[in-house]
Amino acid sequence: MRLTTARLLVRDFVAEDWRDLLAIESDPEVVRYQPFEPRTAEDARSYVDRAVLSAMAVPRETYDLALTAREANTVIGRCGLHITNAEAREAVVWYMLQRSLWGRGYIPEAMRALVDYGFTTLRLHRLWADCDPRNQPSSRVLEKLGMRREAHLKENEIVKGEWTDELIYAMLEDEWKDRD
């Protein structure tokens, strides 16, 4: 799978991408709000291997994708979509970016392409995402996409040994089609 935007190529992972993923997700600040600790080399290899295998599934339910700058083939982040309920045509989306590139609009750009793919190609009805309320830049990304906040769950999960809240954002197919 390949999606292109003005600056990015969003594509399936290949086995060699694990080193780039390690460079990104071994940074404690990048994974601060994630349920996992900074990745080790073994973690990164395993993650990419699982992403490669999931791309071959029929029917495909998970689109865990590498985010690269169009002029280079270096992975600068990842984004994804997982069909959580095929009958209801619902999926969850996510994203992660190398810290040195934060604030440059790469994630909204990549996610617009992925959300469009979900609604137009996969014919999904609803996309949703979760976010730690302390991660305000992530909330802004979801709002830029046109997602609305549906819920604020209080201390509903333990992340890295502490109770954390969770925000749920979502968008329906018609809302995507009707955006400006």
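The values are calculated or read from the model by the stated rules, or taken from the named source; none is laboratory data. Everything numeric in this text was worked out from a predicted model, so none of it was measured. Methodologically, a virtual Cβ is constructed for each residue, glycine included, from the backbone with ideal geometry; neighbour enumeration extends over all protein chains shown.
Answer yes or no as to whether R11 is outside any helix (DSSP H, G or I) and under 15 Å from the mean Cα position of the chain (by Cα).
Numbers: outside any helix (DSSP H, G or I): yes; under 15 Å from the mean Cα position of the chain (by Cα): yes.
Criteria met by R11.
Within the set of pairs 6+ apart or on separate chains, which have a first residue in the range 140-167 that is on the phi > 0 side of the Ramachandran plot, a second that is surrounded by 13 or more Cβ atoms within 10 Å (Cβ to Cβ) and of a type in the set (A, V, I, L, M), and C-beta atoms under 6 Å apart?
G146/M171
If I filter the range 1-36 down to residues being among the hydroxyl-bearing types (S, T, Y) and farther than 17 Å from G105 by Cβ, which single residue comes out as modelled with the highest pLDDT? Give the derivation first.
Keep residues of the range 1-36 that are among the hydroxyl-bearing types (S, T, Y), which gives 4-5, 26, 33.
From what is left, the residues that are farther than 17 Å from G105 by Cβ are 26, 33.
On the way: S26: 98, Y33: 95.
Checked the range 1-36; the qualifying residue modelled with the highest pLDDT is S26.
For the range 80-180, give me every one of the strands (runs of 3 or more DSSP E) that falls completely inside it and has 3 or more residues that are modelled with pLDDT under 95 and surrounded by fewer than 17 Cβ atoms within 10 Å (Cβ to Cβ).
Numbers: elements: 90-97, 126-131, 148-159, 162-172.
Strands (runs of 3 or more DSSP E) meeting the threshold: 148-159.
Which condition breaks for H82 when tested against (1) closer than 23 Å to Y169 by Cβ; (2) out of contact with any Phe, Trp or Tyr (no Cβ under 9 Å at 6 or more places or on another chain)?
It is condition (2) that H82 fails.
How many residues are touching a strand residue (DSSP E or B) at 6+ places or on another chain (Cβ under 8 Å), farther than 11 Å from Y33 by Cα and of a type outside the set (G, A, S) if we restrict to the range 131-144?
3
Which numbered condition trips up P38, out of (1) more than 24 Å from V141 (Cβ to Cβ); (2) touching a Pro at 6+ places or on another chain (Cβ under 8 Å)?
(1)
Would you pick out the residues in the range 32-51 that are touching a residue at least 24 places away in the same chain (Cβ under 8 Å), closer than 23 Å to C131 by Cβ and either assigned to a helix (DSSP H, G or I) or among the β-branched types (V, I, T) (or both)?
Across the range 32-51, the qualifying residues are Y47, A51.
Report whether or not A41 is touching a Leu at 6+ places or on another chain (Cβ under 9 Å), of a type in the set (G, A, S) and surrounded by fewer than 20 Cβ atoms within 10 Å (Cβ to Cβ). Spell out the reasoning first.
Details: touching a Leu at 6+ places or on another chain (Cβ under 9 Å): yes; of a type in the set (G, A, S): yes; surrounded by fewer than 20 Cβ atoms within 10 Å (Cβ to Cβ): yes.
In short, yes.
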